[in-house]
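The next block holds one structure in the form of structure tokens; read it before the comments.
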């Protein structure tokens, strides 16, 4: 964790006037691409199972393992927000059904998580977060299981929150409220950056935060949602806006047809 106190205000006098004290950030597809790392981690886990539980691995491919987890989420909605717990219970159940030691599930999840944290941040991310972390309280908010402290971004966040901390996943406001309480901020003093229209932008503004849509892939905005007021394609644009060197685009992106 960084040593900056959450309530510390920006000290750079060259910055434009801003009310923000807290910046919350989504992780997957906001700071790094999600698809490749999940595919690699799932493939690594399946290889691990081939060595430690070969009968299970011979019966279940990546698709059937994912379906087993989805089914478990549907049958156990009380823990569906905790993806780590879902993966652990799913793997334990499958191991037991093939007469392997249930205790192997802990090792399997740890092996998956090691690969899950092998992310490749977008080129703009580390330099911008370095700059922002000196001026604002930075808190990551993710529905996933990635741990920024186990990545190249270690030390840049003041806290990293997951649904395990808040008891609910985005778009529930619990994660946002948890971040606000940690930073001692009001919603008006907080800015959220994220890629998902529902889980990030709509959820953040419903919780009273200012939201910026980080649209790295040229996606269309959902027709059923009010358009975002702020849209960027990388974090440099956010830094320029906060520094008064440019404006975040205020636009109505094309709707999906």
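The values are calculated or read from the model by the stated rules, or taken from the named source; none is laboratory data. From a predicted model like this one, the values you see are computed outputs, not experimental measurements. Cβ sites come from the backbone with ideal geometry, for glycine too, and all protein chains shown count toward neighbours.
Checked against (1) touching a helix residue (DSSP H, G or I) at 6+ places or on another chain (Cβ under 7 Å); (2) at pLDDT 95 or above; (3) within 22 Å of residue 119 (Cβ to Cβ), residue 155 passes all but condition (1). Of the helices (runs of 4 or more DSSP H) lying entirely inside region 32-77, those containing at least 2 residues that are under 12 Å from residue 90 (Cα atoms) span 62-75. Run residue 206 past the list (1) modelled with pLDDT of 95 or more; (2) closer than 26 Å to residue 179 by Cα; (3) in contact with a strand residue (DSSP E or B) (Cβ under 9 Å, 6 or more places away or on another chain) and report the number of the one that doesn't hold. The single condition residue 206 does not satisfy is (3). Screening residue 232 against (1) touching a helix residue (DSSP H, G or I) at 6+ places or on another chain (Cβ under 6 Å); (2) at pLDDT below 95 leaves a single unmet condition, (2).
Can residue 123 be described as surrounded by fewer than 18 Cβ atoms within 10 Å (Cβ to Cβ) and part of a helix (DSSP H, G or I)?
No, not satisfied.
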